[in-house]
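Asker: Here it is, the structure in full.
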Number of protein chains: 2
Amino acid sequence: MVQPPKHILNGFRVLDMTHVLAGPTATRLMVEMGAEVIKIELPPIGDVGRSLPAMKNGRSAYYVQQNRGKKSVCLDAKREDGKTVLRDLIKKSDVFVENFSPGAIGRLGFPWETVHELNPQIVMCSLSALGQTGTLSALPGYDYIAQAYTGIMGVTGDPDGAPAFPVAGIGDVAAGTHAAAAIGYALLHRERGGQGQYIDISLADAYMGAHELNLQIYSVSNGEIEPTRSGKHHYAVCPLGLFRGKEHWLCIIALQPQWPNICRAIGRPELIDDPRYDINEKRVAASTEVIEIVQSWLDEMPSDEVSLGRLEAERVPCAPVLRISEVVMHPHMLERGIVRTVSDPKIGDIVIPGMPLRFSDFEHNAPLESAYLGEHNTQVLDNVLGYSTEQIDELSERGVLQANPDT
Amino acid sequence: MVQPPKHILNGFRVLDMTHVLAGPTATRLMVEMGAEVIKIELPPIGDVGRSLPAMKNGRSAYYVQQNRGKKSVCLDAKREDGKTVLRDLIKKSDVFVENFSPGAIGRLGFPWETVHELNPQIVMCSLSALGQTGTLSALPGYDYIAQAYTGIMGVTGDPDGAPAFPVAGIGDVAAGTHAAAAIGYALLHRERGGQGQYIDISLADAYMGAHELNLQIYSVSNGEIEPTRSGKHHYAVCPLGLFRGKEHWLCIIALQPQWPNICRAIGRPELIDDPRYDINEKRVAASTEVIEIVQSWLDEMPSDEVSLGRLEAERVPCAPVLRISEVVMHPHMLERGIVRTVSDPKIGDIVIPGMPLRFSDFEHNAPLESAYLGEHNTQVLDNVLGYSTEQIDELSERGVLQANPDT
């Protein structure tokens, strides 16, 4: 266990009853900002993230990525003597985060009212797919469920075929970030004399915010314009979309101010003022032609490097659609530490995403290690709660505290 | 202009030199949490978001969605007498947010060093597509550019065809949320005796975090497993994907614990222990068969309502892939205020996404109105800076301050 870095949240204690992705993302950001995060995991297996790939030497790299620097207490919070320990921890913590299904934390005996009564200063945050309230809240939910219900999935992919979804946890991570943000402001409120409060964060709320114009354009047009998925090319801007390069699909964007630039880049300056294409509306109407003009230029280029170089020289926004193998070794990503290698005592080196919040007064990308299940049972109950060795041993013997050093 | 709501950030002043989406998202969250947000817009047109659709009566609903509650000062910050006003505002503000291209704010004369010198307590945050540093930082960037470079676009869509991208601002909004989070913690630090500091947020950093396992699984497998896009069905979990319903595409997910549930829901309980399908690995290997089993059941159902009802009754995670017209009228979304109608004096009613941060001690979804370009020139220079009427009039006459009530 490496100590939390010297950072903004030094002195704050976070009680973390989260699993898999959305919740752990929130507390991951907090531990990287110096909080003491105590992760409470339920026996026998703890966070189900401990069984997600990649697995090596009994350890999950998935778990490592999300839980570095967090202390692990494996506590049977379903038993009365386990609940006592949890109550004591709530009294000693600044923040309590959970992402069970809505209602489950209440059935466990720790709804907000109880938590608030135990510790009026604590900030509690629940994360869920669809929210703590509302007709859909009782349904089991995952990232893609929220993506489907919010219409985000429906505006992704081929208009004549199926929608598409990313093989990535965009909504979970967005919800985790929203939670970390809300918790930060709730702590600021507390610091200025306020009490603790309850925060309800959902993937659906987070996804919905990404509709920069889909809802308003539908409503202002009285339903005449209903945005939907647009395939390889954007329905309202041209050229904006995916073109076949020599080694990659290439994303190329020319909004109105960049039309002259792309014409110069592809060696067709005469098109800048061509009355067939001079404004975006005309280009959208003639999109088949415009796309073909760009594509045929690309087809004659010797490599993506040359094509992208010419576009970049004219400051046309463009990018290769990178494969994962290219992302993990991209110089920019490595230089920025967006892609970073961490060392795990069981797995060895693992490449993971870096810390997305960068502060000038603190170091970026803290060196932290992940805990095995229950690694900090004794340390936490001793140091934080002041339990005696006898008490802790008895809780272990009774199975209230458990541990598994092989995880 | 409606007053900022009684909320956490009352008493904090945010100087907002942002445009379009990522930056305005950050300050949107802050104004909904009660901050006084002063948006500095450059003449003659201000935030280019003021020209984005839907337009009605000269007003952009796009702008309204992102900028409700913000004061507008239209200031020519490229002129020396405009810079003087900006310097005075920096001295009087708690936060300074900008999302020009990296380096532009420095060329304008307001790099972090200068801002910090003017006001050591101010928190400054820059947002960009690819970050303030690194080899790619100088490139012009938009959301899809960051999506392509981070590999998120590459893991979305049909594996045999082109990648797909959402017609939505997922990366911009994620970066805005990351920025709001970081600013909150920097304010907490300041409240506890620290100084202001500089924050560098990028869409690429935000997108990269969504790779829950793509980077680590590639590295731990020594490059043997390279996740890529997976089409309608997930490559590693079965069934998990998109099925043809009667009225919608349906997203249906059965992880290992839900396999018995889905077998019961589709009336095939004998499959629960069928040795061909009993564990996920076998189902992935036989995914064509498993998908067909689910699809053929759906084909016999009379409606999505019935199919989804049966799945929900067995607690199988499932959702219809909704269209925008369905999202805006969904009872759950309306009940939660995730989808809300706001009133604009020029456009009338507009449906926009609700506030994604919900605090128990404060009202959700503040009623706020958007400003025309330069609406608060006089109010801000008078109340905040104490300029005399003569000074303000002179700045207006010289064109340092401008306004356009028709926006």
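The values are calculated or read from the model by the stated rules, or taken from the named source; none is laboratory data. Values in this document were obtained by computation on a predicted structure and should not be read as measured data. Cβ atoms come from the backbone with ideal geometry, glycine included; neighbour counts cover every protein chain shown.
Asker: Confirm whether residue A:101 is of a type in the set (Ser, Thr, Tyr), at pLDDT 95 or above, part of a loop (DSSP other than H, G, I, E, B) and more than 30 Å from residue B:6 (Cβ to Cβ).
Answerer: yes
Asker: Look at the range A:364-407 and say how many of its residues are closer than 19 Å to residue A:67 by Cα and not β-branched (Val, Ile, Thr).
Answerer: 20
Asker: Would you mention how many residues in the range A:342-375 are within 9 Å of chain B (Cβ to nearest Cβ) and over 25 Å from residue B:201 (Cβ atoms)?
Answerer: Qualifying residue count for the region: 3.
Asker: Could you list, in sequence order, all residues of the range B:195-210 that are assigned to a loop (DSSP other than H, G, I, E, B) and within 7 Å of another protein chain (Cβ to nearest Cβ)?
Answerer: Matches in the range B:195-210: B:197, B:209, B:210.
Asker: Are any residues in the range B:250-273 within 14 Å of chain A (Cβ to nearest Cβ), out of contact with any Phe, Trp or Tyr (no Cβ under 7 Å at 6 or more places or on another chain) and not in a helix (DSSP H, G or I), and if so, which ones?
Answerer: If the condition is that a residue be within 14 Å of chain A (Cβ to nearest Cβ), out of contact with any Phe, Trp or Tyr (no Cβ under 7 Å at 6 or more places or on another chain) and not in a helix (DSSP H, G or I), then B:254, B:255 are the ones that fit.
Asker: Specify the residue that is surrounded by the most Cβ atoms within 10 Å (Cβ to Cβ); the eligible residues are those in the range A:122-141 that are polar (S, T, N, Q) and more than 7 Å from every other protein chain (Cβ to nearest Cβ).
Answerer: A:126
Asker: What are the residues in the range B:211-240 that are touching a His at 6+ places or on another chain (Cβ under 9 Å), buried (at least 23 other Cβ atoms within 10 Å of the Cβ) and either within 8 Å of chain A (Cβ to nearest Cβ) or within 30 Å of residue B:24 (Cβ to Cβ) (or both), if any?
Answerer: The one that is touching a His at 6+ places or on another chain (Cβ under 9 Å), buried (at least 23 other Cβ atoms within 10 Å of the Cβ) and either within 8 Å of chain A (Cβ to nearest Cβ) or within 30 Å of residue B:24 (Cβ to Cβ) (or both): B:240.
Asker: For the range B:354-369, which residues satisfy the criterion of being small (Gly, Ala, Ser) and more than 19 Å from the chain's Cα centre (by Cα)?
Answerer: Across the range B:354-369, the qualifying residue is only B:360.
Residue by residue, here is whether (1) more than 10 Å from chain B (Cβ to nearest Cβ); (2) within 16 Å of the chain's Cα centre (by Cα); (3) outside any strand (DSSP E or B) holds:
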site: A:26; (1), (2), (3): no, yes, yes
site: A:39; (1), (2), (3): yes, no, no
site: A:46; (1), (2), (3): yes, no, yes
site: A:65; (1), (2), (3): no, yes, yes
site: A:72; (1), (2), (3): yes, no, no
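Asker: Further, regarding this structure: Looking at the range A:122-141 only, could you name the residues that are aliphatic (A, V, I, L, M) and assigned to a loop (DSSP other than H, G, I, E, B)?
Answerer: A:122, A:129, A:130, A:136, A:138, A:139
Asker: Considering only the range B:142-152, I want to know if a residue exists there that is surrounded by 24 or more Cβ atoms within 10 Å (Cβ to Cβ), part of a loop (DSSP other than H, G, I, E, B) and of a type in the set (S, T, N, Q).
Answerer: For the range B:142-152, residues surrounded by 24 or more Cβ atoms within 10 Å (Cβ to Cβ), part of a loop (DSSP other than H, G, I, E, B) and of a type in the set (S, T, N, Q): present.
Asker: Inside the range A:166-192, can you point out the residues that are farther than 16 Å from residue B:184 by Cα and either out of contact with any Phe, Trp or Tyr (no Cβ under 7 Å at 6 or more places or on another chain) or at the interface with chain B (Cβ under 7 Å from one of its Cβ atoms) (or both)?
Answerer: Within the range A:166-192, A:166, A:167, A:168, A:169, A:170, A:172, A:173, A:174, A:175 qualify.
Asker: Of the residues B:270, B:305, B:292, which is of a type in the set (Asp, Glu), free of Cβ contacts under 8 Å to residues at least 60 places away in the same chain and closer than 24 Å to residue A:155 by Cβ?
Answerer: Selected residue: B:305, the only one of B:270, B:305, B:292 that is of a type in the set (Asp, Glu), free of Cβ contacts under 8 Å to residues at least 60 places away in the same chain and closer than 24 Å to residue A:155 by Cβ.
Asker: Among the listed residues A:324, A:293, identify the single one that is within 14 Å of chain B (Cβ to nearest Cβ) and either surrounded by 13 or more Cβ atoms within 10 Å (Cβ to Cβ) or charged (D, E, K, R) (or both).
Answerer: Sole residue among the options that is within 14 Å of chain B (Cβ to nearest Cβ) and either surrounded by 13 or more Cβ atoms within 10 Å (Cβ to Cβ) or charged (D, E, K, R) (or both): A:324.
Asker: Looking only at the range B:48-63, which residues are without any contact (Cβ under 8 Å) to a residue 12 or more places away in the chain and either in a helix (DSSP H, G or I) or of a type in the set (Val, Ile, Thr) (or both)?
Answerer: Answer for the range B:48-63, where residues must be without any contact (Cβ under 8 Å) to a residue 12 or more places away in the chain and either in a helix (DSSP H, G or I) or of a type in the set (Val, Ile, Thr) (or both): just B:51.
Asker: When the residues of the range A:378-393 are filtered to those that are among the acidic types (Asp, Glu) and under 39 Å from the mean Cα position of the chain (by Cα), which remaining residue is surrounded by the most Cβ atoms within 10 Å (Cβ to Cβ)?
Answerer: Once the filter is applied, the top-ranked residue is A:382.
Asker: Something else now. Quick one: in the range B:153-180, of everything that is in contact with a Gly (Cβ under 6 Å, 6 or more places away or on another chain) and outside any loop (DSSP other than H, G, I, E, B), which residue is surrounded by the most Cβ atoms within 10 Å (Cβ to Cβ)?
Answerer: Per the stated criteria, the residue is B:173.
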